[in-house]
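S.K.: Take a look at the following structure, please.
The values are calculated or read from the model by the stated rules, or taken from the named source; none is laboratory data. If you're wondering where the values come from, they're calculated on a predicted model, not measured in any experiment. Cβ atoms come from the backbone with ideal geometry, glycine included; neighbour counts cover every protein chain shown.
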Amino acid sequence: MTNWGPDISQLSRPAYLSLAEQIARAIQEGLLPNGTRLLPHRKLADDLNLSVQTVSRAYDELIRRGLISGEIGRGSFVQTRPKEPEPPYLPERLGELVDLSILKPVCEQLHLERMREAFGWLAENLPSSSALSFRPNMVFPRHRAVAAEWLARCGLDVSPLNINLTNGATSGMTVALMSVAPPGATVATEAISHHTLVPLSTYLGLHLEGLPIDRDGMIPEALDEACRKGVIRAVFLQPSVINPTATLMSGERRQALADVARRHDIAIIENDVLGPLVEGRAPPIAAYAPERTLYVTSFTKITVPGLRIGYLTAPDRYVAAVANRHLVSNWMATPSIAEIATRWVSDGTAMELVHWQRRALAVRHAIAEEAFAGLPYHAHPQSLHVWLPLPEGHTEEGFVSQARLRGVGIAPGSSFRTAEQGWHPAVRISLGSTTEQELRTGLGILASLASGNPEALLLAI
């Protein structure tokens, strides 16, 4: 049992939420270590002159955030070490496995040649600042100016002073979350979102609230309701095809979500790693709400996977916070990689590879359309994947296992789930991670599994 107790003078309305926040802060600060038994509901209610219902509601909120667990007959305990989730992609390719689990762009010999040429150029032209410094003030101002040019291709007008060079999109997402949401805060996102969000939120001490979506992305009314019912600090969105369901959000929906965020004064984190690859899209949400949107993009998914670099833009109100968290997290882009990215943007190589990728994806989607004829899958002409809701009778675990036994690796949809309500089993299938022939083979096997009787398949093994 703990000796720590909430400060009754710090309680405010609604009391249950205020109490939950105090306990959450104590957990994050180490005052309530993992495994600590909390006071019984009635004892804490008596100590704070609150109703038992209020305390129970506060504990329920902490359970919902994954910070405590309730055990019948034993009490409530701090739970800060949940089971680590499995990544949706396979850690390695084994044997002849057709790996459609990991999201990668289409790559051929051209991409290897471009990288070799870039490193050859770098060997002859590496500036002393890139070789002899590691702090961003010495290396990156020149790169930020070129980054602003690239962001203009993404639909943004951003000052170089508001741009940070990151070690890819994931580090940009992490820095953005750390900058806008303190430990214990709640961040909203789509009910089907980025696979790193759930573990990342846990590690940062954040509560993740998945909100309903439709074929146009997050429903604005759902975000508005969540903001009115509780304290939402930020919303994480993937409006441009990279989301698991391959949804391209309309301009009207982007504006509506920006309006809700502005009305409740919450930050927006926008993940847009495909950038200019997606044709015919509306401007980024950051263009609708530039004063509150932290925008993340990168080159990894649209040029060459080995070009591990991205851009994180932040409005003036968050510039200092982003700079500090970026520095201490050590997720700055490698100076030599920054040199290559800057050269590729300046000489047109980056856009050359984007155009090439767009054409290659058109071929991959034609293969998927042929293989999945009659199946209700979701895709976009520039998506790197398809989203396949499973037919009635199939379970995700069973389907993924059956596919693996047949030599095909895919990502279970539950890896991207942030809310239970309205969930339907599904799988994500990458289109760019293999050769065209491997893709045909893999998709054919998956189509056969989806069209068959799951029980009959199970008996056949």
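Residues are listed down the side, and each one gets a yes or a no for (1) modelled with pLDDT of 90 or more; (2) assigned to a loop (DSSP other than H, G, I, E, B); (3) closer than 17 Å to Glu96 by Cα:
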residue: Glu420; (1), (2), (3): no, yes, no
residue: Val427; (1), (2), (3): yes, no, no
residue: Thr441; (1), (2), (3): yes, no, yes
residue: Leu449; (1), (2), (3): yes, no, no
residue: Glu455; (1), (2), (3): no, no, no
residue: Leu458; (1), (2), (3): no, no, no
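S.K.: Another question about this same structure. Only residues in segment 259-273 that are free of Cβ contacts under 8 Å to residues at least 60 places away in the same chain and in the same structural domain as Arg228 (by TED's automatic domain parsing) count as the first member; pair them with residues that are buried (at least 24 other Cβ atoms within 10 Å of the Cβ) and polar (S, T, N, Q), Cβ under 7 angstrom, at least 6 apart or cross-chain, and list the lot.
M.R.: Pairs that qualify, where the first residue is free of Cβ contacts under 8 Å to residues at least 60 places away in the same chain and in the same structural domain as Arg228 (by TED's automatic domain parsing) and the partner is buried (at least 24 other Cβ atoms within 10 Å of the Cβ) and polar (S, T, N, Q), are Ile268/Thr293; Glu270/Thr293.
S.K.: Tell me, please, whether a residue that is surrounded by 13 or more Cβ atoms within 10 Å (Cβ to Cβ), modelled with pLDDT under 95, in a loop (DSSP other than H, G, I, E, B) and not aliphatic (A, V, I, L, M) can be found in segment 151-173.
M.R.: Within segment 151-173, one or more residues are surrounded by 13 or more Cβ atoms within 10 Å (Cβ to Cβ), modelled with pLDDT under 95, in a loop (DSSP other than H, G, I, E, B) and not aliphatic (A, V, I, L, M).
S.K.: Given the structure, is Leu237 under 27 Å from Glu352 (Cα atoms), surrounded by 24 or more Cβ atoms within 10 Å (Cβ to Cβ) and out of contact with any His (no Cβ under 8 Å at 6 or more places or on another chain)?
M.R.: Working: under 27 Å from Glu352 (Cα atoms): no; surrounded by 24 or more Cβ atoms within 10 Å (Cβ to Cβ): yes; out of contact with any His (no Cβ under 8 Å at 6 or more places or on another chain): yes.
So Leu237 does not fit the description; no.
S.K.: Still on this structure: Going by the conditions given, is Val363 under 20 Å from Val273 (Cα atoms), in a helix (DSSP H, G or I), modelled with pLDDT of 95 or more and in contact with an Asp or Glu (Cβ under 8 Å, 6 or more places away or on another chain)?
M.R.: Details: under 20 Å from Val273 (Cα atoms): no; in a helix (DSSP H, G or I): yes; modelled with pLDDT of 95 or more: yes; in contact with an Asp or Glu (Cβ under 8 Å, 6 or more places away or on another chain): yes.
So Val363 fails the test.
S.K.: I'd like to verify a number: residues in segment 366-381 that are out of contact with any helix residue (DSSP H, G or I) (no Cβ under 8 Å at 6 or more places or on another chain) and more than 22 Å from Glu392 (Cβ to Cβ), how many?
M.R.: 4
S.K.: Right, something else. Among the residues of segment 270-286, count how many are buried (at least 24 other Cβ atoms within 10 Å of the Cβ), aliphatic (A, V, I, L, M) and either farther than 14 Å from Leu237 by Cα or touching a Lys or Arg at 6+ places or on another chain (Cβ under 8 Å) (or both).
M.R.: Here the count works out to 4.
S.K.: When segment 324-354 is examined, which residues are found to be within 19 Å of Ala147 (Cα to Cα) and without any contact (Cβ under 8 Å) to a residue 60 or more places away in the chain?
M.R.: Ile337, Asp347, Gly348, Glu352 - these are the residues of segment 324-354 that are within 19 Å of Ala147 (Cα to Cα) and without any contact (Cβ under 8 Å) to a residue 60 or more places away in the chain.
S.K.: Note down all Cβ pairs under 7 Å where the first residue falls in segment 369-390 and is closer than 26 Å to Thr303 by Cα, the second is among the polar types (S, T, N, Q) and at pLDDT 95 or above, and they're at least six residues apart or on different chains.
M.R.: His378/Thr245; Leu384/Ser430; His385/Ser430; Trp387/Thr245
S.K.: Would you point out the residue of segment 318-332, among those that are of a type outside the set (Val, Ile, Thr) and modelled with pLDDT under 85, that is surrounded by the fewest Cβ atoms within 10 Å (Cβ to Cβ)? Before the answer, list the steps.
M.R.: First, pick out the residues of segment 318-332 that are of a type outside the set (Val, Ile, Thr): 318, 320-321, 323-327, 329-332.
Those left that are additionally modelled with pLDDT under 85: 327, 329-332.
Working: Leu327: 15, Ser329: 14, Asn330: 9, Trp331: 20, Met332: 21.
The residue in question is Asn330.
S.K.: When residues of segment 348-368 are filtered for being loosely packed, with under 14 Cβ neighbours inside 10 Å and farther than 18 Å from Ile242 by Cβ, how many remain? Please lay out each step first, then the result.
M.R.: Initial filter on segment 348-368 (loosely packed, with under 14 Cβ neighbours inside 10 Å): 348, 355, 359, 362-363, 366.
With the extra rule that they be farther than 18 Å from Ile242 by Cβ, the set shrinks to 348, 355, 359, 363, 366.
Looking only at that region, the number is 5.
S.K.: Considering only residues that are in contact with a Phe, Trp or Tyr (Cβ under 6 Å, 6 or more places away or on another chain) and in a helix (DSSP H, G or I), look in segment 27-76 and name the one that is surrounded by the most Cβ atoms within 10 Å (Cβ to Cβ).
M.R.: Ala58
S.K.: Condition test on Ser433, is it in a loop (DSSP other than H, G, I, E, B) and either over 18 Å from the mean Cα position of the chain (by Cα) or at pLDDT below 90 (or both)?
M.R.: Values: in a loop (DSSP other than H, G, I, E, B): yes; either over 18 Å from the mean Cα position of the chain (by Cα) or at pLDDT below 90 (or both): yes.
Answer is yes for this residue.
S.K.: What residue, of Ala379, Ala368, Ala360, Ala341, is of a type in the set (Gly, Ala, Ser), in the same structural domain as Thr189 (by TED's automatic domain parsing) and either touching a Phe, Trp or Tyr at 6+ places or on another chain (Cβ under 9 Å) or within 26 Å of Ser250 (Cα to Cα) (or both)?
M.R.: Numbers: Ala379 fails: in the same structural domain as Thr189 (by TED's automatic domain parsing); Ala368 fails: in the same structural domain as Thr189 (by TED's automatic domain parsing); Ala360 fails: in the same structural domain as Thr189 (by TED's automatic domain parsing).
After applying the criteria, what remains is Ala341.
S.K.: Would you point out the residue of segment 277-296, among those that are in a helix (DSSP H, G or I) and touching a strand residue (DSSP E or B) at 6+ places or on another chain (Cβ under 6 Å), that is farthest from Ala246 (Cα to Cα)?
M.R.: Ala286
S.K.: Right, here's the next one. Taking the conditions exactly as written (farther than 23 Å from Glu108 by Cα, of a type in the set (Gly, Ala, Ser) and either at pLDDT below 95 or part of a loop (DSSP other than H, G, I, E, B) (or both)), does Gly374 satisfy them or not? Walk me through how you get there before you give the answer.
M.R.: Details: farther than 23 Å from Glu108 by Cα: yes; of a type in the set (Gly, Ala, Ser): yes; either at pLDDT below 95 or part of a loop (DSSP other than H, G, I, E, B) (or both): yes.
It is true that Gly374 is farther than 23 Å from Glu108 by Cα, of a type in the set (Gly, Ala, Ser) and either at pLDDT below 95 or part of a loop (DSSP other than H, G, I, E, B) (or both).
S.K.: Hey, does segment 225-243 have a residue that's out of contact with any Asp or Glu (no Cβ under 6 Å at 6 or more places or on another chain), touching a residue at least 40 places away in the same chain (Cβ under 8 Å) and of a type in the set (Ser, Thr, Tyr)?
M.R.: Within segment 225-243, not a single residue is out of contact with any Asp or Glu (no Cβ under 6 Å at 6 or more places or on another chain), touching a residue at least 40 places away in the same chain (Cβ under 8 Å) and of a type in the set (Ser, Thr, Tyr).
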